[in-house]
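Accompanying notes for the structure given below.
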Amino acid sequence: MDLKDLYRDVILDHNRKPRNLGRLAPPARSARGHNPLCGDQLTVYADVDGGVLREVKFEGTGCAISVASASLMTDAVRGKTTAQAEALFGEIHDLLTRQGAEAPASLGKLAALSGVREFPARVKCASLCWHTLRAALAAEAAPVSTE
Ligand code: ZN
């Protein structure tokens, strides 16, 4: 199976059956992302405990690539530390934007995202969820007080 087939199969599969759809209640962190070029809108939720992403979910509407990418991402970062998730963000960013970048074997199915490079207009669709996750992880948990 060449990369084009892998790309198509993985994107179709994760678009048809998105993994980890849903929301997480606070104190889980969340952030909203919007890609106005395509109309993709996502909210990413991350339950972080002890520096580890215990649970990651997303909801929203968007094109096949944005939904598949979010589905792949939530699968990939669950159980990882925030530092590992940040490193993965770097690898994905490289894969999406640098022509000729080789996907490290450790990326697994995420390697399929390299196929998006052939469609430069769709790179933002694929990276939206990653930027949104990053924003969620960077945000301070909002202090809630009824006093
Ligand atoms: Zn899109």
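The values are calculated or read from the model by the stated rules, or taken from the named source; none is laboratory data. The shown structure was predicted, so the numbers you read here are calculated from the model rather than taken from an experiment. Virtual Cβ from ideal backbone geometry, glycine too; neighbours counted across all protein chains shown. Just the protein is used for accessible areas: all its heavy atoms, side chains included, with ligands, DNA and RNA removed. Shrake-Rupley method; radii C 1.70, N 1.55, O 1.52, S 1.80 Å.
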Revision key, fill the gap. Per the filter on the stretch 1-21, residues loosely packed, with under 11 Cβ neighbours inside 10 Å and closer than 30 Å to ASP49 by Cβ are LYS17
Check your understanding: If the Cβ limit is 6 Å and pairs must be 6+ apart or interchain, which residue in the stretch 1-15 that is under 15 Å from ALA76 (Cα atoms) and modelled with pLDDT of 90 or more pairs with which residue that is among the aliphatic types (A, V, I, L, M) and surrounded by 16 or more Cβ atoms within 10 Å (Cβ to Cβ)?
Key -> VAL10/ALA112; ILE11/ALA68; HIS14/ALA68; HIS14/LEU72
Exercise for review: Could you list all residues from the stretch 47-75 that are of a type in the set (Gly, Ala, Ser) and open to solvent by less than 20 Å² (accessible area, probe 1.4 Å)?
Suggested key: SER66, ALA68, SER69, ALA70, SER71
Check your understanding: Taking GLY79, is it part of a helix (DSSP H, G or I), more than 16 Å from the ligand (Cβ to nearest atom) and exposed (fewer than 14 other Cβ atoms within 10 Å of the Cβ)?
Key -> no
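Listed here are the residues, each with its yes/no results for (1) part of a strand (DSSP E or B); (2) away from the ligand (no atom under 16 Å from the Cβ).
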{"residue": "HIS14", "(1), (2)": "no, no"}
{"residue": "PRO18", "(1), (2)": "no, no"}
{"residue": "LEU24", "(1), (2)": "no, yes"}
{"residue": "VAL48", "(1), (2)": "yes, yes"}
{"residue": "LEU53", "(1), (2)": "yes, yes"}
{"residue": "ILE65", "(1), (2)": "no, no"}
{"residue": "GLY115", "(1), (2)": "no, no"}
{"residue": "ALA126", "(1), (2)": "no, no"}
Check your understanding: ALA103 fails exactly one of the following numbered conditions: (1) surrounded by 17 or more Cβ atoms within 10 Å (Cβ to Cβ); (2) in a helix (DSSP H, G or I). What is the number of that condition?
Key -> (2)
Revision key, fill the gap. The residue from LEU88, LEU110, LEU133, LEU95 that alone is part of a helix (DSSP H, G or I), open to solvent by less than 10 Å² (accessible area, probe 1.4 Å) and without any contact (Cβ under 8 Å) to a residue 24 or more places away in the chain is LEU95
Point to revise | Residues located in the stretch 113-130, provided they are without any contact (Cβ under 8 Å) to a residue 40 or more places away in the chain and in contact with a Leu (Cβ under 8 Å, 6 or more places away or on another chain) | key: ARG117, VAL123
Practice item. Could you list all residues from the stretch 26-46 that are open to solvent by 20 Å² or more (accessible area, probe 1.4 Å), away from the ligand (no atom under 16 Å from the Cβ) and assigned to a loop (DSSP other than H, G, I, E, B)? Key: PRO26, PRO27
